[in-house]
Structure formats: structure tokens, C-alpha cells
């Protein structure tokens, strides 16, 4: 059926009418488009509301987010009393489960960002517990879990992580980065049915938020991260995956270049229907809050003095250059987790090596997170054809930033955080993603922070306000910018011939104050011209 959208602004076109036919945009314009509609055309009156291309999330963990919605969910609060209430309630309602598993807690809830095993012991009834924090770079475990894993004061930290410790070196209850694997290996595996249900649950949620396509940043996991590829393969095969998905194949940091043939095989195996898996995800460092993000200057201690720690590089920089050059030559896109400015530089150096050897190929590398970028490296994004993949929701004052990050960063680094404006002014292409379930998957909340550098409804000063983006630029990052990253060249714009992946908002955010952007909601979502979401008020 044809669908005519009329009576409201079309983002990026200046038009007020758009006609969909056979799942694609037939035409955009004004009254001339209305004349193309046939007698059976469905008419959607925009009534002044904004019509956009569907949002595309360039860095999300959809299956993991969907799974966690069905586990012990600690997200949406920072109150430890509420954590314990939820954990006890989950334990009581899952009396037969051998482990208590879930996540979503925030480091700001605990002194120094370190949760205590004793607190968790009170509500878990002797069963082992493994609860990931909201950024998935740390886990909260209880005494029973530590006992089963054999973790004691004498257990050394793994090379890629840290066991949080109390007096005498006893494990405190927090496991950072690679140390999570010491317990994660014992947790009963999530079943294939659980993963498929998680994907379907996630797709429903993402559609309700206007997200019509995404890049899953962890398709085939290892190094303690799960493999969710079977859920995508099943859903792509049975037709329940109706969104376009770019799957990022995980680079195992323990295997080196010998894994490349298996990545080539996986690229072919996991390219089915709307699923394409031509990306390799390389995780270069950790996060600033636990002092594992790779920085060019050392972290400070609680008194403001430099320490001997400047974070972790999970991959040797020289070897990384060879890996990326080989992957680029095979036509893979590389998707970097690069949070600290040293990690960003190492990623850009690797892309530069690939460009030098292979030339400027259309592989569209991108760097996600970009918490700190050295000024010398900002112009390199444009020169190297590297997209800056922004998780804008993080660029605001909050306790995790103000209490666990800024006091421990070199002041020069602290002043360079989330430099969206600098990247844009230097000509970098911008994409955007949520990193859900690390943070909310709602694109409009991310756009709100990109524009305001303040969370919706919070009375705080803007965070480094010189790095703000204007509303149009932020929306393009979440539409055409992410479509570019996802190699989805027939989407992301309201253009004749493009896929009719569309979103109708409940208002026109350009007509209101910037401080109200995040209050905008999605009214209608279409994928390939078919409506997949309708709000109650649509």
C-alpha cells in the first residue's frame, strides 16, 4: 500500500509531503507529491510534526540489552537500597536459579566506585551472584561467587583487568575488565532461546524509540563477552528480524592475526537477509572510571598527584597496525572501542598504516566513545576518512563524571572530553550510537545532550559547552551519519529511491526550546514502508 505523509516538515528537504511506494520513497515535495497518490493511498497527517529518516544506532548491544531486560535489572536508579530491593525480589521470584545474574548498577552508588561483596551477601541467600555494571567494564560479585572461582587475597590480577581489594588484599566484591572472566566462566550460560527472546525484545523497544537499523558492536564474543550471533542468524532466517543490522565480529585479543581466516568465514556465514557482518570490532582500552582507559598522561590519585598508571592498551600498538592493514585489505570495516586519547591515537595510527599500504578504500572505519581526543589527532579523522562514533549521552555532568572521572584525570585531559564540536568543525564525519545497555537506547535523549551538554531535566551547568552540536547536526549523526557507517547507502535520508525507514515525532523539536528536545517522543516508526510502532497518542 502507498503511504502519503503530509502536513508537516520533512527533515533535511524543506518539503511538507512524502510518498512511499513498494517500501521506498517515491517522491518528496509539496502539493505536487499529493497528486501522485492513488485512491487507495493511506494518508498520515503530520499535523506539523517532524518526519525523519529512521534513527540508526551505530554502536549498540541489542541482544545483550534485551537479555538484561529479562534478568535482574538494576538500571534506572543509583540508590543502593533500591538495588538490594530488586536483587532480593529477583532472588525470591527465581528460587530455582543456581545463580543471580543481571546488571545495570552505577559506579557512583559506591564509595570509590567499588561495590562490596558483604552488601550483596545480605540479599542473595548464599547463592552466587554476578551483576555487571552499567558500562559492562566491571562486575559486582558476592562471597559465594568469589569462593567458587577460587579468588582469594593471593590471586593475582589478570594482565587485562583488576580484582578490587580491601584490607589485606582480600577481594572486595568488584571485578574490573578482564578480571570479570574469572567468575563469568562459571555463570550458567544463557540459552539460545534466551538470546533469541532478547533480540526480539530489543527490536520491539528500539522500534518504539524510532531506531530502524543498528550496528551490534559485539556479535561473536570472547575474552569473557558472550556470543550472540545465533540469535541474529535465527531471526534473519525466520523473518523476525525486520531491521537492518550490521554485525561487528569480535577481535579476540589473545589470538592475533591467526583468527583472520575465521573472521572471513564468519562474515559469509552471518550475512543473511537484513544481517550483514562485514565489520570487525577491536577493543583497544577500558574506561576512565576504573582507570583502564588508555591515556597520554597518567591518572591522578585521590590527592591529585600523578600515579604510575596511564591505563591499559589491550592490543600492542605495533601489532594493531598490522591487524588493521590486513583486515582493511580484505574489505572489512574496523570498529574501534577507543575511549582514552592514547587509544584514539593508536587506532588512528593503525588506520593510517592501512591507508598507506592499501590506499583509501571504502571500508569506513569508525572510532566509538572518544571520551578524550588529543588536539593533534582531531584533524586526522577527516584526513584518514575515519568516522567519529559519538555516545552523546555521556557528555554531561553526573556523579560518575564529577566524582569518579574528573578528579583523577590530568587537567588537560579533563578539558578535552567528548570534543564533538571540535571534531565537527575539523570536518570529521559524525555517527551516533547509544552503547545500550550501558546507557539509554533513546536517540532523542542522546541528541538532547549533544545539543545542550546537560541531561534532560537536570539543573546543572553544561559540560564543556564549547563542544555542543546544533540540533540538525546531531540528528544527521543519528541518521545519515550512522547509515554511512553501516554501509546502508539507500537509507538515512528522505530521498527518492531510499528505503522508507521513517520516524514521525510527536512534535517538531526545531520549533521549541533546546532544553525541551529530550522530551520529544516517537509517534510512528516505519521499516520498509511498514508500520512497526504506533504510540497511543499517534
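Laboratory data are not the source of any read-out in this text; all were calculated from the coordinates shown. Since the model is a prediction, treat every value here as computed from it, not as a measurement. Because the Cβ atoms are built from the backbone with ideal geometry, glycine has one as well, and the counts that use them run over all protein chains shown.
When only Cα pairs under 8 Å and 6 or more residues apart are kept, what is the percent relative contact order across region 105-176?
The normalised contact order for region 105-176 reaches 32 percent.
What distance in nm separates the simple spin-label points at residue 257 and residue 330, each placed 7 Å from Cα in the Cβ direction?
1.2 nm
Angle check, please: helix 80-93 long axis (alpha carbons) against the longest principal axis of the chain (alpha carbons), in degrees 0 to 90, nearest 10.
For 80-93 against the chain, the angle is about 90 degrees.
Between residue 303 and residue 30, how high is the FRET efficiency from 1/(1 + (r/R0)^6) when r is the Cβ-Cβ distance and R₀ = 60 Å? Nearest 0.05.
Working: r = 65 Å, r/R0 = 1.08.
Taking R0 as 60 Å, the efficiency between residue 303 and residue 30 is 0.40.
Taking 8 Å as the Cα distance limit and 6 or more residues as the minimum spacing, I'd like the relative contact order of region 192-485 as a percentage. All intermediate terms of the calculation are to be shown ahead of the outcome.
Values: 566 pairs, mean separation 39.0, N = 294.
So the answer I get is 13 percent.
If you wrap a convex hull around the C-alpha atoms of the chain and split its volume per residue, what is the figure in Å³?
149 Å³
For a protection proxy built on the mean count of beta-carbon atoms within 10 angstrom, sort 84-92, 353-361, 35-43 highest first, please.
Packing order, densest peptide first, comes out as 84-92, 353-361, 35-43.
With the calculation restricted to Cα positions, what are the radius of gyration and Dmax of region 99-184 in angstrom?
Reported Rg and Dmax, both Å: 11.4, 32.
Would any residue of region 4-31 have its amide N under 14 Å from a label point 7 Å out along Cα→Cβ of residue 490? List them or say none.
Label zone hits: 21-26.
What is the pair-distance distribution P(r) of region 167-281, computed from all Cα-Cα distances in 5 Å bins starting at 0, with each bin given as a whole percent?
The percentages, shortest bin first, are 2, 10, 18, 20, 17, 14, 9, 4, 3, 2, 1, 0.
Is any residue of region 256-287 close enough, with backbone N under 17 Å, to a label point placed 7 angstrom from the Cα of residue 242 along the Cα-Cβ axis, and if so, which?
273-275, by backbone N distance to the label point.
Which log10 I(q)/I(0) values, to two decimals, does region 380-447 give at q = 0.14, 0.21, 0.25 Å⁻¹ under the Debye formula with one point per Cα?
-0.51, -1.00, -1.13
Write down the percent of antiparallel bridges among all DSSP beta bridges whose residues are both part of the chain, to the nearest 5.
Counting only bridges with both partners in the chain, antiparallel ones make up about 45 percent.
Taking a temperature of 37 °C and a viscosity of 0.692 mPa s, what whole-number D in µm²/s does Stokes-Einstein yield for region 1-79 with Rh from Kirkwood over alpha carbon pairs?
Translational diffusion coefficient: 215 µm²/s.
Arranged from highest to lowest average of other beta-carbon atoms within 10 Å per residue, in what order do the peptides 225-234, 259-268 appear?
So the order, starting with the most tightly packed, is 225-234, 259-268.
Put a dot 7 Å past each Cα toward the Cβ at residue 94 and residue 73; how far apart are the dots in nm?
Label-label distance for residue 73 and residue 94, simple model: 1.3 nm.
Whole number please: convex hull volume per residue of the Cα set in region 286-339, in Å³?
73 Å³
If you wrap a convex hull around the alpha carbons of region 1-145, what volume per residue comes out, as a whole number of Å³? Intermediate results must be reported in sequence, preceding the final value.
On the way: hull volume 26.5 nm³, N = 145.
Taking the convex hull of the Cα positions in region 1-145, it is 183 Å³ per residue.
How large is the direction-averaged shadow of the alpha-carbon convex hull of region 467-538, in nm²?
For region 467-538, the mean projected area of the Cα convex hull comes to 5.8 nm².
Assuming 1.002 mPa s and 20 °C, estimate D for region 346-497 with Stokes-Einstein, Rh taken as the Kirkwood radius over Cα pairs, in µm²/s. Intermediate values should be presented prior to the final figure.
Values: Rh = 16.1 Å.
So the translational diffusion coefficient is about 133 µm²/s.
Assuming R0 = 51 Å, can you tell me the calculated FRET efficiency for the pair residue 43 and residue 154, based on Cβ-Cβ distance, to the nearest 0.05?
On the way: r = 72 Å, r/R0 = 1.41.
The formula returns an efficiency of 0.10 here.
If you project the alpha carbons of region 232-308 onto the principal axes, what extent comes out on each, in Å, largest first?
57, 30, 15
Please sort 186-196, 44-54 by packing, taking for each peptide the average over its residues of neighbouring beta carbons within 10 angstrom, highest first.
Result, highest mean Cβ count within 10 Å first: 44-54, 186-196.
Expressed as a rounded percentage, what relative contact order does the chain have, with Cα pairs under 8 Å and six or more residues apart? Present the calculation step by step, with values, prior to reporting the outcome.
On the way: 1249 pairs, mean separation 90.3, N = 538.
Computed value for the chain: 17 percent relative contact order.
Take the alpha carbon atoms of region 249-278, find their center, do the same for region 465-537, and report the distance between the two centers in whole angstrom.
30 Å
Distance between Cα centroids, region 139-215 to region 418-435: provide it in whole Å.
That distance is 30 Å.
If each Cα of region 416-525 is one equal point scatterer, what is log10 of I(q)/I(0) from the Debye formula at q = 0.20 Å⁻¹?
With one equal scatterer per Cα and no solvent, log10 I(q)/I(0) is -1.20.
Once the Cα gyration tensor of region 192-485 is diagonalised, what are the square roots of 5 times its eigenvalues, in whole Å and ordered largest first, as equivalent ellipsoid semi-axes?
29, 24, 18
Just the ratio, please: alpha-carbon radius of gyration of region 303-418 over 2.2 N^0.38 Å, N its number of residues.
Normalised Cα radius of gyration, region 303-418: 1.15.
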